[in-house]
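Heads up: the structure comes next, in structure tokens.
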Amino acid sequence: MAAEMQITTILNKVMKIDAVEEAFALYIVHNNEAKRTKFVTILDELKAVFSNLSPEHQEAGVKHFLLLTSETTNLSRLQFLLSLLEQLVADGILKARLVCEAVMNCEKLHYHRQNFWTECFKLVLKILGGVDYKGVRSVMKSCKEKSQSIPADLNASNAPQLKVLMDVLELIFDRNACLLPGYFIVTEIQKAYPNNDNWPHWKLAKLLSGFVESFLPLVQMITIIGRTKMLPIVEHSGGGQDNLNNSWLLDTATLKLKLKGNLPYDKELLEPQTKLLRYVLEQPYSRDMVCLMLGLTKQLKQRCLALEEQFVELMVAAMEKSEEDTPVEEANTEENTLSSARPLLWQHLSSQLIYFVLFQFASFPDIVSALHKKLAEKDLKKGRDHLMWVLLQYISGSIQRNTLNTLLPVLSLCDFLYPEKEPLPVPDYNDPISSRQLAAISIWIHLLKKAQTEGKDIQRPMPNAFKNHHEFLQHLVLSTNTQLSMGSDYRIAILCNAYSTNQEYFTRPMAALVETIFGSQKQGQAPMNTNNGMSNGPTTPLSMEALDSLTVHSKMSLIHSIGSHVVKLAQSKSHMPLAPALVETYSRLLVYTEIETLGIKAFISQLLPSVFKSHAWGILYTLLEMFSYRMHHIQPHYRVQLLSHLHSLASVPQTNQVQLHLCVESTALRLITGLGSNEVQPQLLRFAGEPQVLVSVESEELNRAFVLTLARAIHVTRSGYESLSGTWCKTVLKAIMSNTPHSWANHTLQCFPPALNEFFTTNTVPKENKQQLKKAVEEEYRNWASMTNENDIIAHFTVQGTPPLFLCLLWKMILETDRISPIAYKILERIGARPLSAHLRKFCDYLVYEFANSGGGQHVNKCVDAINDMMWKYNIITIDRLVLCLALRTQEGSEAQVCFFIIQLLLLKAAEFRNRVQEFVKENSPEHWKQSNWHEKHLSYHRKFPERFAPDGGLDQTGGNSSSVYNTLPVYFGNVCLRFLPVFDIVIHRFLEIPPIIKSLETLLEHLGCLYKFHDRPISYLYYTLHYFEHKLRDKASLRRKLVAAVIGSLRDIRPNGWSLSEPYQNYLRQSDEKQWNPELDYYIHLIQRVVDTLNGKPPFPATDWRFNEFPNAGAHILYVTCVELMAVPAPPNVVAGFLLDVIFKGYPVIPSDDMEQWINALGQVLAALPDAYWNEHHIRLGQILESMKVWNYRCTPFQLFNFKETHEALLENKFAYSLAVAHSLWQHSGVGQMSFFPRFIKEHIQPHVQTEEQLVFACHLIGPFLQRCKPEQQLFEVTVSLNEMLEQVDKPGGQLNYLDPVCDLFYHIKYMYLGDMMKSEVEGIFRKLSPALQMRLRFIAHLNPDEATNANASATSVPAAAPTPAANPAAASATPSNPGAP
């Protein structure tokens, strides 16, 4: 208060007017010197007052000063008083920010006080340069608020007030003044006026909108070209690109893209991305990706209204598509109407509906009500039965958990969709479509039963259209005299669907269904391939048509019955095999994702453990076989969980049986090699704390296969490609080396990714001396020959610690005596199945040494014959285990070639294996889901080629079938050919590592390639092979062709024409080797068009049931078949990549203008899935584009020519915009591992070219959109440093930069959206070398003092505490890096 009184006293001296002065005011001439003296005197008094005050009291004093000043009406005196404040600021007595904020917050600052308002804003205008950025930001906000008080209908008297306010804003907005980062200004404007309307005053509109528009170049630099037209490939577990690309994420409530910063993005980027979500929703097996895109988790159970809305739109679209369907009698389908693509769409929709409603992401009654509202506006009736079928799926399975009221909206929808006054005819129950036609009445029956249970009345009559349907079902369910059996009709399915919630009526049809696959005591016995006699039960499974005709609830009841039956049978210890029809039906039920909990989840976590606990080895063997040969689209976490179960199972003593052990290892091998490259890293991360559960304790072969899978995954995804330091697979590799130490040959290491190569080069294992091995075998053989006592012989060769050389001895025994001693069988039995693997490894090494040092000729033939006798005559080892072991042994140089020569002889010299392969391929089909007689063919094959898992004579010598080691278990699906397939995969890869033996590989493919007819992932295998060995196969076009011909050609008899390869490539496969094929641009245009058409829902190949396909949907299928074809084209990668790029750069005249972005999207997807060698051409093209910009000869600005829409629509020079668009598409579809190379690409391929400002702007367009893809932050930091260095390269002394502001805006975008002050230390040194204009603009990033920023040669000094720079910690500032718009 004392200070305020002093200020009042001082100001009174100024404002005091004596009578003489007032009387002669018009005649007095003021003395300027006296006026200055008075000013100095008053100023000194004010200094004395304010200098002794704390900042808080200073603020109060300034406010009091302003209040007193506001009462002055004399303009001259007002100017005098405010000049005092200005001088106090200039002399450092008062802070500029304090005065500005006091002025702006003064309650007397109103536009009616014209002089006070005008002079106050002039004061602010003069001292604003000394205010820090937060203070300037506060002034800017106050200016906008004050402007709102000025009336819109501005008159001349108010114009000066608004003019001076605009002067202050113009100063703040002035890019050259650099009082405040423009990024903050645009953020404030966008937050306050997001749609660029409702400006605070119309007079400010041009100023504000102009500033916002100045950020359009920045928006262009950070926006992916064609972003809203891009569509992803939907793969298992959320998109097959490692973890889901974060740029696909959408806001849960609005479906808008998650864009960084409050910037003036294009309108289409700010709109809900309904097309993207609907596209993903429509893809089979897309639910995980949908949840990831929307941030939905099962634990939170968050309802998503936007998801509901788009799901309803999808169902309406399906109704519209049904209107286009031809009548049933005119339909041209392979089997019946249910095998066409349309019912599969409804099947997919029902699965999605159940999932999203079950986990409360959507509300069922709201979906039904929205459907009713949408359909009421349209006349869509053809798809009504399918729609009712979808709704019935959910109602039948969840009616117990829902109240009647939540389900009643369905009845209103029924009334609308079935308005017929006359009853509908009863459908033909011999046609599977009848289950759909009776879906609506089934819903009515369920709800009537629900009402009865709750004691309520539905209070509405059943529609007259359903009268005949209802009477038919009532007659069917009450006709107890009629014998229900699953024949060619669908009456049982119809009854189950209608009465699954009424146990009184449901029991009978379900019992009939169960009896169809379980069998009854009256039925005869089906012969099984087992020494344990005959098995009870039928062999014909329920057809897919029958299962598709059952509701979810009925399928749940059926699969529950099967699971209970299996567990009960296992616990009974009866050793009775399962009925073949039951097992086959069970496997078919497991493809339904809507019953996952009772299906695959229960199979892995409940059924298998229960069977194992009961020691029901026959049933366990059957279930593992079923998993190996009948399962499709099992989520990777279930497969990895089973793999860990198998590793623990393998160490249990009871499983040390030859056949069971073989099955366990074969299943584990399939699981390991079957892991997709994009699935490996996420699954290993789940077990990062316990990697030992993923690796085998004893099986070196399985662990080696795991290493090969890791190598392939790292190569394809590029995750951890160069360094294993802290990466996801290091712990697994250490666990493998701990359990089964091993090494790899140099030719294998050369194919490994650098990080894996380095690991095995560092972690070496001593090599075994082959000569010592030979001596040890000779010594043991002499021991064998010299010992006569049987017990001593058995004890010697089975005692723990004995070298595992017994198979070597048996081979020598056959080689020399052409027979095996009976004692050997007892030794083999005592050794057991699991330890025999160690003997097999020694045997393989011994064979290679013997063959390498043999004289050749007849001796080699004799050696091979002896091995064949061990496999086919004496049944001591199986060909699949022997070849796998041989292929995975570490052999160098000539010994490696000898090893593969042995493999070739074993596979082709003797007729036993070739005959089995030819017979199996000729008589069987891999499309098991379409067959009803698989078991008959299976038995027929095994009768012709019986497979014994006990050494010949072994059972006789050990007392028949009492031996636990040689117990024969029932075989339902497998045989030596199917077991050999994953081994053959590995063999082909090992052959490819050694160029000299390529001809041998071609021979193997010629004779055994037909086996790929039964491969469960033939296209994927080809893709991984051509991708991983691209550098080996680059100059071997003939071999690539033969690989593709062997694998895809094996399927020619069972797949329709055009299912994979294009017609030109098929012609290439049919032509002779001598004829050259050099495809031109039109061929590549056709390939990309196939991808575009597929993504638009018009695939070029026939409709297929994706539940039994290796790929989850058409998009994934077309991507991989296209990549396989491109990698197999007889041209180098740079040529192929060049033509692919020319599809856009030269082929654009033939591409519809409106579809160009879709074509670029498809091209990006294809390029992203190809090996690095195909990317190099793209990198070269970008370098050439940059070089062409050294001299800018265009009238347009770079921002105009880099704008895709402008150049494309206005037919301007398009090479720049198209280059950017292709690069954006490629990187958008690249995986996380591939993007880890982005900083290096910028550093090595872009930065060296950048010398001019136009080149820098182009580089910013390349980098800006993918800042958010740079993870972790270190990568983003590296990219930012490269950007700074490019800026330094461009900022030449004496040069003039025309696009300073957009480039500087990009740096501020990086600072405030990503790095904060992380970039300060690294860029400060670079910024100090820049021109004054750049230093001034970037001073808030490097924390440069304004004085330093205006001097290019300023020395590096510490910033004074009073310098108006941003806070060192962005979080402490008024704007954080993640939110520059925070108050």
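The values are calculated or read from the model by the stated rules, or taken from the named source; none is laboratory data. Here the structure is a predicted model, which means the values were calculated and not measured. Here Cβ is always computed from backbone atoms with ideal geometry, including for glycine, and neighbour counts include all displayed protein chains. Note: accessible area is taken over every heavy atom of the protein model, side chains too, but ligands, DNA and RNA are not part of it. Shrake-Rupley method; radii C 1.70, N 1.55, O 1.52, S 1.80 Å.
Table for the structure above
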{"read-out": "Stretchable slack from T37 to E1288, in nm (0.36 nm times residue separation minus alpha-carbon distance)", "value": "445.1 nm"}
{"read-out": "Solution diffusion estimate, µm²/s, Stokes-Einstein, the stretch 805-917, Kirkwood Rh from C-alpha pairs, 25 °C, viscosity 0.890 mPa s", "value": "171"}
{"read-out": "Neighbourhood net charge (14 Å Cβ-Cβ; Lys/Arg +1, Asp/Glu -1) for P653", "value": "+1"}
{"read-out": "Fully extended contour minus Cα-Cα distance, from A511 to A192, at 0.36 nm per residue", "value": "108.0 nm"}
{"read-out": "Paramagnetic reach from H112 (point 7 Å along Cα→Cβ, amide N under 20 Å) across the stretch 61-87", "value": "66-75"}
{"read-out": "q = 0.17 Å⁻¹, the stretch 896-1041: log10 I(q)/I(0) [Debye, one scatterer per Cα]", "value": "-1.06"}
{"read-out": "Viscosity 1.002 mPa s, temperature 20 °C, Stokes-Einstein D of the stretch 728-783 from Kirkwood C-alpha radius, µm²/s", "value": "160"}
{"read-out": "Radius of gyration and maximum dimension Dmax of the stretch 381-470, Cα, Å", "value": "12.8, 37"}
{"read-out": "The stretch 1180-1223 - accessible surface per residue (Å², probe 1.4 Å)", "value": "48"}
{"read-out": "Alpha-carbon Rg/Rh ratio, for the stretch 576-725, with Rh computed the Kirkwood way", "value": "0.98"}
{"read-out": "More than 28 Å apart - percent of Cα-Cα pairs taken over the stretch 84-239", "value": "31"}
{"read-out": "Those aspartates and glutamates that a straight Cα-Cα span of less than 14 Å connects to K730, excepting residues fewer than 8 apart in one chain", "value": "E690, E722, E758"}
{"read-out": "Accessible area expressed per residue, the stretch 598-671, with surrounding protein chains retained (probe 1.4 Å, Å²)", "value": "27"}
{"read-out": "Given K321/K1205; K321/K937; K1098/K1205; K206/K260; K1215/K1320, the pairs whose alpha carbons are separated by over 29 Å", "value": "K321/K1205; K321/K937; K1215/K1320"}
{"read-out": "Equivalent ellipsoid dimensions for the stretch 1210-1309 as semi-axes, Å, which come from the Cα gyration tensor, largest first", "value": "22, 18, 12"}
{"read-out": "Distance cut-off 17 Å, percentage of C-alpha pairs in the stretch 1254-1338 lying past it", "value": "42"}
{"read-out": "Solvent-accessible heavy-atom area per residue, rounded to whole Å², over the stretch 888-929 at 1.4 Å", "value": "36"}
{"read-out": "The chain - mean residue ellipticity at 222 nm from DSSP helices (-39,500 (n - 2.57) per run, n ≥ 4, rounded to 500)", "value": "-17500 deg cm²/dmol"}
{"read-out": "Per-pair calculated FRET efficiency, R0 = 25 Å: L67 and E145 via Cβ, rounded to 0.05", "value": "0.80"}
{"read-out": "Rounded percent of accessible protein surface that carbon and sulfur make up, the chain, 1.4 Å probe", "value": "50"}
{"read-out": "Local electrostatic count, T274, Cβ distance below 9 Å [Lys/Arg +1, Asp/Glu -1]", "value": "-1"}
{"read-out": "Crossing angle, helix 1215-1228 versus the chain [Cα axis fit, 0-90 degrees, rounded to tens]", "value": "60"}
{"read-out": "Relative contact order (percent, whole number), the stretch 604-675, Cα cutoff 8 Å, 6+ residue spacing", "value": "37"}
{"read-out": "Sum of side-chain charges, I562 neighbourhood, beta-carbon under 13 Å (Lys, Arg +1; Asp, Glu -1)", "value": "+1"}
{"read-out": "Heavy atoms of S644: accessible area, 1.4 Å probe, square angstrom to 10", "value": "20"}
{"read-out": "Tensor-based shape of the stretch 1294-1335 (alpha-carbon gyration tensor, a/c under 1.5 rounded, otherwise prolate or oblate)", "value": "oblate"}
{"read-out": "Once the Cα gyration tensor of the stretch 1191-1248 is diagonalised, semi-axes √(5λ) in Å", "value": "26, 15, 6"}
{"read-out": "For the stretch 149-204: rounded, prolate or oblate by the Cα gyration tensor [a/c cutoff 1.5]", "value": "oblate"}
{"read-out": "Shape call, the stretch 1148-1190: gyration tensor on alpha carbons, a/c limit 1.5", "value": "oblate"}
{"read-out": "Calculated diffusion of the stretch 133-176, Stokes-Einstein form, Kirkwood radius summed over Cα pairs, 20 °C and 1.002 mPa s, µm²/s", "value": "191"}
{"read-out": "Under the Karplus curve 6.51 cos²θ - 1.76 cosθ + 1.60, θ = phi - 60°, whole-Hz ³J(HN,Hα) for the stretch 90-105, x wherever Gly or Pro sits", "value": "5, 7, x, 6, 10, 6, 4, 5, 4, 5, 4, 5, 5, 5, 5, 9"}
{"read-out": "14 Å reach of a label modelled at K301, 7 Å along Cα-to-Cβ, counting backbone N of the stretch 371-404", "value": "401-403"}
{"read-out": "Reference-scaled alpha-carbon Rg (2.2 N^0.38 Å with N residues) for the chain", "value": "1.16"}
{"read-out": "Degrees separating the helix 552-571 axis from the principal Cα axis of the chain, which is the longest one", "value": "50"}
{"read-out": "Net lengthening on full extension, T1003/D1142 (0.36 nm per residue, minus Cα-Cα)", "value": "46.3 nm"}
{"read-out": "In nm, spacing of pseudo-spin labels at K47 and I458 (7 Å Cα→C-beta vector)", "value": "9.5"}
{"read-out": "Helix axis angle, 202-213 relative to the chain longest principal axis, alpha carbon, degrees", "value": "40"}
{"read-out": "For the chain: relative contact order, % (alpha-carbon pairs under 8 angstrom, 6 or more apart)", "value": "10"}
{"read-out": "Förster-model FRET efficiency, 35 Å R0, H560 and E698, C-beta, rounded to 0.05", "value": "0.40"}
